[in-house]
Amino acid sequence: MRKLHWVGTITLAALVASSSLALQGQAPPATATSATPTSATPTSATPKPAQPVKAGATAQPAKAAATPLGVTTDKITVPLRFDHYYTYEQVGEALRVLHAAYPQLTTIDVVGKSEEGRDIWAMTVNNPKTGAALDKPGVYVDGNIHGNEIQAGEVCLSLLNRLLTAYGQNDQMTKAVDRNAFYVIPSVNVDGRYHFFSDPNDPSSNRSFRIPKDDDRDGLIDEDPADDLDGDGNICTMRRKDPFGQYRTDPEDPRLMIRIKPGEKGEWTILGEEGIDNDGDGRVNEDGEGYVDGNRNWGINWAPPYVQAGSGDYPFEASGLRAIAKYLVDRPNIIVVFAFHNNGGMYLRGPSTKAEEPMNPADTGVYDILGRNVEKIVPGYRYLVSWKDLYPTYGDFTDFTDNVVGAYSFVGELFVTETESYRPPPKPGAPAQPPADVMDMMGGNNDRERERLKFNDYVTQGDLYRPWKAFKHPQFGEVEIGGWVKMSSRLPHPFMLTDLVHRNASAVLFAAAQTPSVTLDVLAPEKVDADLYKVRVRVVNAGSIPSLTYNAIQRKIHPQDTLEVSGAGVKVIADGKVSGMPIETVAYKPYRPEVQFLQVPGNGKIEFEFLVSGKGELTVAYQSLKAGKATKTVALQ
Ligand SMILES: [Ca+2]
Ligand SMILES: [Ca+2]
Ligand SMILES: [Ca+2]
Ligand SMILES: [Ca+2]
Ligand SMILES: [Zn+2]
């Protein structure tokens, strides 16, 4: 999710618990110093401020947390498996084993370093035998800019795994590897990925880049994160028996609570997320890790934190984002971008703010081709417009890739909790309902929660939910701790992961297949006079995506494609673009007739007529930043 902690699992309890605690962090475990497989010493680690802890407010020493659900210690081998999640180190290992298996088709780059000194890896898939990567339409895919949104990384790995393991076996994959350059960064927020696995978390915490911020403006930095009091590796919810509380036990499922109506007797007070008041300021868990949101910190259309929380003190404050920005502008062939997040089942396109409307309608048409097909590739996911259908955002990634990289850009919000359980189809004629999660948030009824608990009980055999358990809290006394575990709610249970990653990687593969595929036709020169020839050149694009976005042309982001006619014994007298049907006209170009500037529309063509004098060989060369090159030679005789 891009902004709200719109947890699919939101219970009323969790909603209340998190509403005042939008920016959560974790207590760093004693062993949380970063260890990277390739760099022994974190170079630019930001020192963690001392945690001021008042006497009597020490969290219970957490016992070693169990391995998170879906994490394996098995050796990573090719083909990659997607019945488990990959820790930060395992993402690196997965890239290394893919590279070892397909050294001729892959390269691994360290794009940059994170705040804690971890490597940010990119894998390029390109077949050098069919040309240099920069000469092919580039497809960029990343994930996990939000530290907790880990399955985005598995989608990236799944894409790589599919392209490589099916190369030479499956015609579409062979064509994709031969025709496109794929640039894949499975984890953008590498510190976030590391800490999500290693630290206690809830499904929505640990999103931030590791840039300490004083969220509550008390002069201390990250001084009061959530605390894993029972040491189970999860940050759950705390509640206390209270006859004056605002909640009572849900009679249909005693694990759930219902807000009391006026006149009803209360039974529970919800104390919020698991933790203590570390700094003794009377508030619990009010200043956790960060908060700098990587998807609000890009150097375009940026707004400061008083406009939009988490945007950082200045654009590109996060070192990883600076590195990735450079990586992208160094690869101007990129024309398609997918950035994966969780959750909600959405493919969002820009613009990110209303002020950027209207989008060029020709670009909208291209997005519609991609988006409407992606909806069919990933059932239940919706193709939406970012600012209008969700909310406006400033300084976000796809605004950067739309307007600086000149790429058709999507945010993929992975996973819909509704896929976990069966819902009867609506009765014919019944009014359309918002998604069940939204209904629960609005209406505070527990229907959806009960469904999810059944899924937990009968399909995951209890993996996803911790039943309430008594705990002696140093500040609140007798409390209970329970609720959804960190590997729930926004992440599919591992048994559902294979399907999710394959379908969403297929969305990328569909878009890749639509990238411009430009060919040149030089029709036979027509002799119009002694030594004077009419040469008709047709540039055809078999992809749905044009050779340059209309936005890029409008904003002059990139040079347009060129079509150049040359030859030792020839001189171009005039040339012009052919238009009009059925009667054609040629609009002659006043200067430098030997070169034309153009864009080749998707599923379309563009034609030029050159008037050439002389004899001998004539070469027509097409060159595009994003659609590659093509050359044809004809003889004038
Ligand atoms: Ca603070
Ligand atoms: Ca816990
Ligand atoms: Ca506090
Ligand atoms: Ca705390
Ligand atoms: Zn996100």
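The values are calculated or read from the model by the stated rules, or taken from the named source; none is laboratory data. Fair warning: this is a prediction, and the values are worked out from it, not measured in the lab. Because the Cβ atoms are built from the backbone with ideal geometry, glycine has one as well, and the counts that use them run over all protein chains shown. Note: accessible area is taken over every heavy atom of the protein model, side chains too, but ligands, DNA and RNA are not part of it. Shrake-Rupley method; radii C 1.70, N 1.55, O 1.52, S 1.80 Å.
Brief remarks on what is shown
- Number of residues in the stretch 253-269 that are surrounded by fewer than 14 Cβ atoms within 10 Å (Cβ to Cβ) and under 23 Å from Arg450 (Cβ atoms) equals 4.
- For the stretch 310-325, the condition holds for no residue, the condition being that it is in contact with a Gly (Cβ under 9 Å, 6 or more places away or on another chain), within 16 Å of ligand 4 (Cβ to nearest atom) and not hydrophobic (A, V, I, L, M, F, W, C).
- The residues on offer are Asn201, Asn180, and the sole one that is open to solvent by less than 10 Å² (accessible area, probe 1.4 Å), farther than 21 Å from Ile335 by Cα and among the polar types (S, T, N, Q) is Asn201.
- Annotation: of all residues in the stretch 132-158 being touching a Pro at 6+ places or on another chain (Cβ under 9 Å) and not in a helix (DSSP H, G or I), the one that is farthest from ligand 5 (Cβ to nearest atom) is Pro137.
- Verdict on Ile258 being modelled with pLDDT of 95 or more, more than 14 Å from ligand 4 (Cβ to nearest atom) and β-branched (Val, Ile, Thr): no
- The sole residue among Glu480, Glu449 that is more than 18 Å from Leu271 (Cα to Cα) and open to solvent by less than 50 Å² (accessible area, probe 1.4 Å) is Glu449.
- Number of the exception - Val284 against (1) within 16 Å of ligand 3 (Cβ to nearest atom); (2) modelled with pLDDT under 95: (2)
Residues are listed down the side, and each one gets a yes or a no for (1) out of contact with any His (no Cβ under 7 Å at 6 or more places or on another chain); (2) buried (at least 16 other Cβ atoms within 10 Å of the Cβ); (3) among the basic types (Lys, Arg):
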{"position": "Val522", "(1), (2), (3)": "yes, yes, no"}
{"position": "Ile553", "(1), (2), (3)": "yes, yes, no"}
{"position": "Gly567", "(1), (2), (3)": "yes, yes, no"}
{"position": "Lys577", "(1), (2), (3)": "yes, yes, yes"}
{"position": "Gly580", "(1), (2), (3)": "yes, no, no"}
{"position": "Glu584", "(1), (2), (3)": "yes, no, no"}
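- Matching residues, the stretch 524-549, being of a type in the set (Gly, Ala, Ser) and more than 26 Å from Pro137 (Cβ to Cβ): Ala524, Ala530
- Those residues of the stretch 355-380 which are more than 16 Å from Val411 (Cα to Cα), touching a residue at least 60 places away in the same chain (Cβ under 8 Å) and of a type in the set (A, V, I, L, M), in sequence order: Met359, Ala362
- Selected residue (criterion: most open to solvent (accessible area, probe 1.4 Å)) from residues of the stretch 600-628 that are over 30 Å from the mean Cα position of the chain (by Cα) and under 16 Å from Asp135 (Cβ atoms): Gln623
- When the criteria are applied in full, Pro315 fails the requirement of being surrounded by fewer than 24 Cβ atoms within 10 Å (Cβ to Cβ), assigned to a loop (DSSP other than H, G, I, E, B) and either of a type in the set (Gly, Ala, Ser) or within 16 Å of ligand 1 (Cβ to nearest atom) (or both).
- Residue count, the stretch 499-545 (criterion: under 44 Å from the mean Cα position of the chain (by Cα) and not in a strand (DSSP E or B)): 23
- Where a residue in the stretch 255-278 is within 11 Å of Arg239 (Cα to Cα) and its partner, wherever it lies, is within 16 Å of ligand 2 (Cβ to nearest atom) and aromatic (Phe, Trp, Tyr), with Cβ under 7 Å and at least six apart: Leu271/Phe476
- Candidate set: the stretch 96-121, residues that are closer than 17 Å to Arg331 by Cα and not β-branched (Val, Ile, Thr); chosen: the one surrounded by the fewest Cβ atoms within 10 Å (Cβ to Cβ): Asp109
- When Gly272, Gly290, Gly294, Gly345 are checked against the criterion of being within 16 Å of ligand 1 (Cβ to nearest atom), in contact with a Ser or Thr (Cβ under 9 Å, 6 or more places away or on another chain) and open to solvent by less than 10 Å² (accessible area, probe 1.4 Å), Gly290 stands alone in meeting it.
- Check on Val329, modelled with pLDDT of 95 or more, within 30 Å of Ala627 (Cβ to Cβ) and touching a helix residue (DSSP H, G or I) at 6+ places or on another chain (Cβ under 6 Å): no
- Checked against (1) in contact (Cβ under 8 Å) with a residue 12 or more places away in the chain; (2) away from ligand 1 (no atom under 16 Å from the Cβ); (3) open to solvent by 10 Å² or more (accessible area, probe 1.4 Å), Gly245 passes all but a single condition, namely (3).
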